[in-house]
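**Q** Below you will find the structure I want to go over with you.
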Amino acid sequence: MLRYLLPLGAFMAMAVFLAMGLSRDPRAVPSAMIDKPAPPIDLPLLQAPAQRLDVQSLRGQVWLLNVWASWCGPCRDELPVLRDVAQRHGIPLYGLNYKDKPEDARDWLARNGNPYVASASDTDGRVGIEYGVYGVPETFVIDGAGRIRYKQLGLITPDIWRTRIQPVIEALQ
Amino acid sequence: MNAARLLATWLLALACSVGTIVAAAPASAAPTAAALPPLSAADQQRADKLAHGLRCLVCQNQTLADSNAPLAHDMRNLIHAQLAEGRSDAQIMRFFEDRYGDFVRYDPPFKPATWLLWLGPFALLALGFWVLLRTLKRRSGARPPLTADERARAARFLDTGS
């Protein structure tokens with residue numbers, strides 16, 4: 001009996017692991033930035049270039065940093081969710097406008113609506129690299145002590161917001 | 001959801017393969033490239049070596065040196081800039097590891113989290129040998145000793161050769 005059950009068991013175990021592997025997103029890399037302090041941004045604001053975004057002034061509250069660009073298709077798809085986050089849940093939402101031309105980005109906001117308190121212009125993507133950004137859109141949850149507590153790679157669907165991000169924020173508040 | 005992901009992966013692969021065309025536009029928007037100081041031949045060699053040891057996070061099965069993704073371009077420029085500032089190879093590796101994790105290295109480090117990765121194949125080989133040895137032993141040991149009668153028959157066959 002064992003000589004049949006053993007290979008069958010081994011096969012089942014392999015099948016389970018392979019099925020798990022298939023259902024994972026191979027592009028999602030565990031972020032090295034979790035629990036690290038959010039790197040300083042210090043970039044001109046998209047809509048007021050004379051001012052700069054100061055991450056330090058946001059201490060004491062949980063806030064979101066959404067990395068977006070006008071050339072990024074999914075960024076438009078997640079706008080309704082972001083708008084909902086900002087308006088209904090009252091969580092400060094800031095944008096990092098990644099490798100974009102400021103005039104294109106401003107047009108894009110005018111066309112699609114602006115859910116952000118403010119967006120910083122990261123035209124050369126240097127601050128993006130500090131945050132370990134590699135696939136726009138990305139969204140970081142930053143806690144009151146200025147640490148990154150969660151990173152969402154790719155667009156936020158209402159489902160992802162409810163099941164993954166909202167619980168993290170509620171636990172922090 | 002899955003179809004969308006599949007499509008996204010496919011588009012990404014396409015973007016990676018035609019990267020030369022795609023990369024040209026966003027990369028030229030970044031002003032960093034023009035401002036880079038020239039490197040000595042030795043430093044250029046170090047830059048190439050580092051770029052070959054780091055993974056492009058966008059086209060994940062390509063090194064920074066091979067990839068045409070805009071991010072790979074930016075990261076190569078960063079290697080260049082940091083070498084010009086006199087940073088060591090280890091410091092530059094560390095810089096990318098701090099931001100992108102072990103995955104950014106083509107050659108993952110040996111540490112508790114990667115023990116399974118490095119030692120797994122050897123463990124499997126050892127397991128295979130163990131099963132082989134056990135099976136061989138059981139096979140040779142499983143044969144019951146010949147009875148006197150069988151022994152006599154065997155001797156007869158061997159003598160006559162039939």
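Quick note: the coordinates plus some simple rules give every number you see, no bench work behind them. Since the model is a prediction, treat every value here as computed from it, not as a measurement. Virtual Cβ from ideal backbone geometry, glycine too; neighbours counted across all protein chains shown.
**Q** I need the peptides A:115-125, B:75-85, A:53-63 ranked by packing, meaning the mean over residues of other C-beta atoms within 10 angstrom, with the highest value on top.
**A** A:115-125, B:75-85, A:53-63
**Q** Could you work out how far apart the two model spin labels at residue A:117 and residue A:173 are, taking each label as a point 7 Å from the Cα in the direction of the beta carbon, and quote it in nm?
**A** 1.4 nm
**Q** Please list, in order along segment A:8-23, the HN-Hα scalar couplings obtained from phi with the Karplus expression 6.51 cos²θ - 1.76 cosθ + 1.60 (θ = phi - 60°), rounded to whole Hz, x for Gly and Pro.
**A** 4, x, 4, 5, 4, 4, 5, 4, 4, 5, 5, 5, 4, x, 5, 8
**Q** In Å, what Kirkwood hydrodynamic radius results for the protein assembly as shown from the alpha-carbon pair distances?
**A** That comes to 23.8 Å for the protein assembly as shown.
**Q** If you don't mind, another one. Collect residues whose amide H, placed 1.01 Å from N in the peptide plane, falls under 5 Å from the amide H of residue B:105; neighbours closer than 5 in sequence don't count.
**A** Placed amide hydrogens put B:55 under 5 Å from residue B:105.
**Q** Given Cα pairs under 8 Å that are at least 6 residues apart, what percent is the relative contact order of segment A:15-158?
**A** Here the relative contact order equals 33 percent.
**Q** Can you give me the relative contact order of segment B:53-112 as a percent, contacts being Cα pairs under 8 Å and 6 or more apart?
**A** Dividing the mean separation by the residue count of segment B:53-112 yields 33 percent.
**Q** By the gyration tensor of its Cα atoms, with a ≥ b ≥ c the square roots of the eigenvalues, what is the shape of segment A:56-136: rounded for a/c under 1.5, prolate for a/b over b/c, or oblate?
**A** Oblate is the answer for segment A:56-136, as a/c is 1.5 or above yet b/c matches or exceeds a/b.
**Q** How high is the FRET efficiency between residue A:42 and residue A:107 when r is their beta carbon distance and R₀ equals 25 Å, given to the nearest 0.05?
**A** Rounded to the nearest 0.05, the efficiency is 0.50.
**Q** What share of the DSSP beta bridges in the protein assembly as shown is antiparallel, in percent to the nearest 5?
**A** Taking every DSSP beta bridge with both residues in the protein assembly as shown, the antiparallel ones total about 60 percent.
**Q** Something else now. Between residue A:67 and residues 5 or more places away or on another chain, which pairs have amide H atoms under 5 Å apart, with H built 1.01 Å from N, and which residues are they?
**A** Amide H to amide H, under 5 Å and 5 or more residues apart or across chains, residue A:67 pairs with A:96, A:138, A:139, A:140.
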